[in-house]
Amino acid sequence: GDSVTQMEGPVTLSEEAFLTINCTYTATGYPSLFWYVQYPGEGLQLLLKATKADDKGSNKGFEATYRKETTSFHLEKGSVQVSDSAVYFCALSEGIKAAGNKLTFGGGTRVLVKP
Amino acid sequence: KAGVTQTPRYLIKTRGQQVTLSCSPISGHRSVSWYQQTPGQGLQFLFEYFSETQRNKGNFPGRFSGRQFSNSRSEMNVSTLELGDSALYLCASSREGQKEETQYFGPGTRLLVL
C-alpha cells in the first residue's frame, strides 16, 4: 500500500537558519503530494502541495518539488523564524475517483526554532 | 467563509461507553473525511463520505462508524470505547474529494477514555 516516510525530529534550529525536512513516498499510481503544518492545540493547515511530477509548491517561504524519479517531496525554507516552530507532516493522496481521496501521512517532524 | 467546525472540542468518557462526534464542512464542500491522531500511531484515515455515501474506509474495527447528512454535515460514532481510543479526531472537507484537492481540517475533538 501507499506509505510516506519523513525524517524524525525534533529538529532544533536557530532563527534565520536553513530548514530541510526530507520526505519520500511509495505509491502505486500518480499521487498528489502535500505538506501540512500543525501548531500546538490546533488542527492541520495546508502549507503547500504539488499535483504532478516536477511541480513546485510554495507558500510563506517554504518550497517543495515533486520528484517522481526519487519519489521525494522534501520541504525547504531558507530562513526560519521562531513562528515556524510546529509539527510538519508530509502526505500523499492516491485518490481513485470512485474511492474518494484518502490522505496517507508521514509520522511528522517537530521543528523548534530558537531565537 | 467559515472553516470546518467540530463539536465538541473536548470529551471525557469511560470504557464501554459510546460517543458521537460532529463535523460541519466548509460551505459547498461535499466530501468529509475523518482521521485519528495518536502519539503512537500518528495520523490514520478512518473513512470518507461523499453525498451521504461512505466511499472509503480505513483499517479500523466496526466499532467506528459514521454517516453524512444531506447538508454534508457528518458524524462519527465510536461504540464500546476502549482506552486506546483516546485520541484527537480530525475532520477534513474538500469540494469533491478528488486526489488533487486540498483537504481543509477542523480543530479536532480531543477524546479521553478513562
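The numbers here are math on the coordinates, done by the rules we state, and not lab data. Nothing here was measured: the structure is a model prediction, and the numbers come from that model. All Cβ positions, glycine included, derive from the backbone under ideal geometry; neighbour counts span all protein chains shown.
At what distance in nm do the modelled label points of A:THR12 and B:ARG67 sit from each other, each positioned 7 Å from its Cα along Cα→Cβ?
Rounded to a tenth, the inter-label distance reads 5.1 nm.
Which value in nm describes the separation of the simple spin-label points at A:TYR30 and A:GLU63, placed 7 Å from the Cα toward the beta carbon?
Between A:TYR30 and A:GLU63, the simple spin-label model gives 2.4 nm.
Relative contact order for the stretch B:55-96: what percent, with Cα pairs under 8 Å and sequence separation of 6 or more?
The value is 27 percent.
With a cut-off of 8 Å between alpha carbons and a minimum separation of six or more residues, what is the relative contact order of chain B in percent?
Over chain B, the number comes to 36 percent.
Just to be sure I follow the definition: excluding the sites themselves, where is the longest run in chain A that has none of the GluC sites (Glu not before Pro) in a DSSP loop with at most 16 other Cβ atoms within 10 Å?
For GluC sites (Glu not before Pro) (loop position, at most 16 other Cβ atoms within 10 Å), the longest site-free span of chain A is A:70-115.
Which whole-number percent gives the relative contact order of the stretch A:1-112, counting Cα pairs below 8 Å spaced six or more residues apart?
36 percent
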